[in-house]
Amino acid sequence: MKVTEKDVTYVAGLANLELSADERVRMLKDLNSILDYIERLNELDTDKVAPMAQVSDRYGADESRPGSERFAYAAREDVRYGLRESLDHDVALKNAPETDGTFFVVPKVIER
Amino acid sequence: MTTAFTIESVRNAIAERTLTASALAEDFYTRIKQNDPEIGAFLILSKERAAAKAAEIDKLAEAGNPLPPLAGVPVAIKDVMVTRDVRTTAGSKILENFVPPYDCTAVSRMEAAGAIVLGKLNCDEFAMGSSTENSAYHPVHNPRDKSRVPGGSSGGSAAAVAAGMAVATLGSDTGGSIRQPASFCGVVGLKPTYGRVSRYGLIAFASSLDHIGPFANTVKDAALVLRTIAGRDPMDSTSAGVPVPNYVAALETPVEGLKVGVAKEYFGDGLDPEVRTAVEVAIQKLAERGCEIVPVSLPHTEYAIPTYYIVATAEASSNLARYDVVRYGYRARNARTLPDMYRLTREGGFGMEVKRRIMLGTYVLSAGYYDAYYLKAQRIRTLLTRDFDEAFKKVDVIAAPTCPTPAFRLGEKVNDPLAMYLADIYTVTANLAGIPGISVPCGENHEKLPIGLQLFGRHFDEATILRVAHAYEQARG
């Protein structure tokens with residue numbers, strides 16, 4: 001599959017990246033060479049192979065249970081007072097570039 | 001270089017009162033001051049934190065109380081693990097002034113065991129790279145040959161141990177980022193089983209492939225650190241509830257009768273002849289110790305790199321979406337609207353390799369391409385894992401080179417991303433399958449560059465790879 005300049009623009013938009021003109025040229029070349037190399041995966045017939053999203057399923061999931069109950073190892077009791085402490089409000093704001101003391105402040109969302 | 005400390009030699013000296021933790025920490029800061037300007041391993045020094053911990057250990061020693069297992073041991077942490085109140089950058093400009101409000105579990109376990117955290121170590125930005133040349137700050141020079149890379153992405157972690165600036169360090173390994181630098185710098189590096197060590201507090205790159213693990217001078221030290229950091233953590237739901245064995249006690253068990261697999265796919269084209277010879281000699285030493293050498297095949301190995309670069313970049317594109325600079329991070333000042341702010345900040349805050357991987361990851365996950373790339377890669381991941389499952393029915397460990405070559409020169413591969421990616425060829429398989437892997441120094445080439453022997457093991461069987469690595473280390477001398 002060949003990546004075009006239009007693809008680069010589209011994908012950069014999805015990823016919220018503003019690429020410079022030089023970067024776009026490089027990106028087009030690099031993506032194409034990498035995707036070219038990745039093409040070899042099509043040599044393998046994987047129609048009957050189950051996908052593996054992560055390793056933990058092998059030793060965490062309980063296959064005898066239905067749906068998300070399989071992942072009981074990763075869940076906690078659904079109780080109101082079972083929550084851990086959260087960060088203090090001012091600690092949570094400490095690293096922000098801009099705050100008003102209560103909220104994070106950002107530039108306006110819509111330009112009129 | 002002065003005699004290398006081990007974890008036990010430090011702890012014993014402090015217990016016997018021939019050394020204080022405070023004096024040792026000062027000594028290591030002096031070493032860092034003298035050696036690091038030419039190496040560049042450290043990004044941040046945490047002197048206050050180190051002094052406070054050292055004072056605490058010294059008080060215990062003075063009172064004659066029993067000392068914790070890593071008492072007084074000077075360690076350092078790859079800057080992708082958060083440290084409360086100590087700047088953490090992930091090697092990126094976007095987190096230049098980020099001061100985390102909490103500790104990575106692995107770090108707090110090290111400190112609870114008495115370790116002295118000297119500082120944070122340089123790495124490729126967001127752990128993306130194989131040479132540490134992608135650090136937004138400065139590269140790291142290999143202590144064994146300063147014109148060369150230390151490897152990556154945990155280049156600082158490997159170099160600090162190799163140069164005697166820390167007794168042990170923590171790094172992270174997503175496609176080989178602990179084992180490859182260990183091999184390039186001539187130290188021991190261990191990637192545990194996925195889920196063996198909590199990832200809480202590890203700045204995420206690819207969540208199904210990331211692992212935290214130790215660098216050390218000896219296999220025994222690596223085993224000691226693993227024992228300290230391993231184990232279920234309620235803060236990481238992927239951390240396994242598998243009990244942590246006493247890796248150190250198991251080390252001395254003789255390896256006679258263990259079966260060591262040798263896979264032809266790891267000894268093919270592209271393998272430097274001197275590396276091949278050194279690894280074959282090492283395997284021969286294991287045979288002399290009574291191991292049975294068994295040929296095995298891992299037939300899908302050639303598909304590992306493309307699979308890895310789909311899965312890792314896809315997960316990275318998702319993980320790095322959080323850097324919107326609303327709640328933390330460097331913010332571009334010339335943005336008039338929120339969408340502008342996101343784009344300009346991420347453009348200015350991320351380096352080229354990070355952008356490249358985000359682009360590739362976004363592309364392979366985008367509508368129309370998800371099945372062809374990401375889903376396909378997940379199926380191949382199953383095949384790669386089955387290769388290992390089959391092999392481990394016949395053998396207990398698999399021996400291979402860690403890297404196809406020794407350390408390359410700084411600047412040599414920066415302009416060819418694909419060439420850089422291909423250097424990971426022997427390491428990515430263990431991340432995709434989640435099995436443990438260790439790299440142990442096994443000689444040098446004619447330019448005195450270190451070469452690494454890699455041992456793979458079954459899931460949660462770090463004890464066996466540590467045992468075999470230890471036996472090899474003893475035989476090698």
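Annotations
- Among the residues of B:370-380, the average count of other protein chain beta-carbon atoms within 10 Å of the residue beta-carbon is 4.
- Sequence-distant residues sharing a close amide H with B:Arg148 (under 5 Å, placed H): B:Asn142, B:Leu410
- Cross-link table B:Lys264/B:Lys394; B:Lys53/B:Lys78; B:Lys78/B:Lys413; B:Lys78/B:Lys191; B:Lys47/B:Lys191; B:Lys285/B:Lys448, entries beyond 26 Å C-alpha to C-alpha: B:Lys47/B:Lys191
- The Cα atoms of chain A give a gyration tensor whose axes a ≥ b ≥ c have a/c of 1.5 or more with a/b no greater than b/c, which makes the shape oblate.
- Antiparallel beta bridges, as assigned by DSSP with both residues in the protein assembly as shown, represent about 65 percent of the total such bridges.
- Within chain B, percent of DSSP bridges classed antiparallel, to nearest 5: 65
- q = 0.06, 0.08, 0.13 Å⁻¹: log10 I(q)/I(0) that the Debye formula gives for chain B, counting C-alpha atoms only: -0.24, -0.43, -1.18
- For A:Lys48, the lysines whose Cα comes closer than 16 Å to its Cα, not counting residues fewer than 8 places off in the same chain, are B:Lys376.
- In nm, spacing of pseudo-spin labels at B:Ala55 and A:Thr9 (7 Å Cα→C-beta vector): 6.2
- Cα centroids of the stretch B:191-220 and the stretch B:100-155: 13 Å apart.
- Rounded Å value of the spacing that divides the Cα centres of the stretch B:277-299 and the stretch B:243-273: 8
- For the stretch B:417-431, the Karplus equation 6.51 cos²θ - 1.76 cosθ + 1.60, evaluated at θ = phi - 60°, returns couplings of x, 5, 4, 5, 5, 5, 5, 8, 3, 9, 9, 4, 4, 5, 6 Hz by residue, with Gly and Pro reported as x.
- For the pair the stretch B:1-76 and the stretch A:1-36, the centres of their Cα atoms are 48 angstrom apart.
- Spatially proximal aspartates and glutamates relative to A:Lys2 (Cα-Cα < 14 Å; intrachain offsets below 8 disregarded): A:Asp30, A:Asp36, A:Glu39
- Extension gain, B:Ser318 to B:Asn12, is 105.5 nm, computed as 0.36 nm per intervening residue step minus the present C-alpha separation.
- As computed over the protein assembly as shown, the Cα convex hull volume per residue (Å³): 170
- 18 Å cut-off, amide nitrogen to a point 7 angstrom out along A:His89 Cα→Cβ, residues in the stretch B:305-333: B:327
- Chain A - percent relative contact order, Cα under 8 Å, separation 6 or more: 13
- Applied to the stretch B:234-240, the Karplus parametrisation 6.51 cos²θ - 1.76 cosθ + 1.60 on θ = phi - 60° returns per-residue 3J(HN,Hα) values of x, 7, 10, 5, 8, 7, 8 Hz, with x for Gly and Pro.
- FRET efficiency estimate (nearest 0.05) - Cβ-Cβ, B:Val281 to A:Glu63, R0 60 angstrom: 0.85
- Label-to-label distance, B:Arg476 versus A:Phe104, with points set 7 angstrom from Cα along the beta-carbon direction: 4.6 nm.
- Averaged over residues, the count of other Cβ atoms within 10 Å places the peptides A:62-75, A:94-107 in the sequence A:94-107, A:62-75, highest first.
- Across all C-alpha atoms in the stretch B:7-250, the radius of gyration and Dmax reach 16.3, 48 Å.
- Averaged over the residues of peptide A:90-97, the number of Cβ atoms from other protein chains lying within 10 Å of each residue's Cβ is 5.
- For B:Asn134, the shell of other residues with beta-carbons less than 9 Å away shows a net charge of -4, using +1 for Lys and Arg and -1 for Asp and Glu.
- Förster radius 56 Å - calculated FRET efficiency between B:Ala4 and A:Lys48 (Cβ-Cβ, nearest 0.05): 0.60
- Coupling constants for the stretch B:116-126 follow from the phi torsions by the Karplus curve (6.51 cos²θ - 1.76 cosθ + 1.60, θ = phi - 60°), and in residue order they are 9, 7, 7, x, 10, 9, 5, 7, 4, 3, 6 Hz; glycine and proline get x.
- Among B:207-219, B:298-310, B:72-84, the peptide with the highest mean count of other Cβ atoms within 10 Å heads the list, and the full ranking is B:72-84, B:207-219, B:298-310.
- Computed lengthening from B:His138 to B:Asn65, 0.36 nm per intervening residue step minus Cα-Cα distance: 22.0 nm
- Listed by chain and number, the aspartates and glutamates whose alpha-carbon sits under 18 Å from that of B:Lys59, ignoring those within fewer than 8 places in the same chain, are B:Glu16, B:Glu26, B:Glu48, B:Glu111.
- Mean per-residue shielding of peptide A:103-109 is 5, counting Cβ atoms of other chains within 10 Å of each Cβ.
Just so you know, all these numbers are worked out from the coordinates, no wet-lab data involved. Remember, it's a predicted structure, so these values are computed and weren't measured experimentally. Here Cβ is always computed from backbone atoms with ideal geometry, including for glycine, and neighbour counts include all displayed protein chains.
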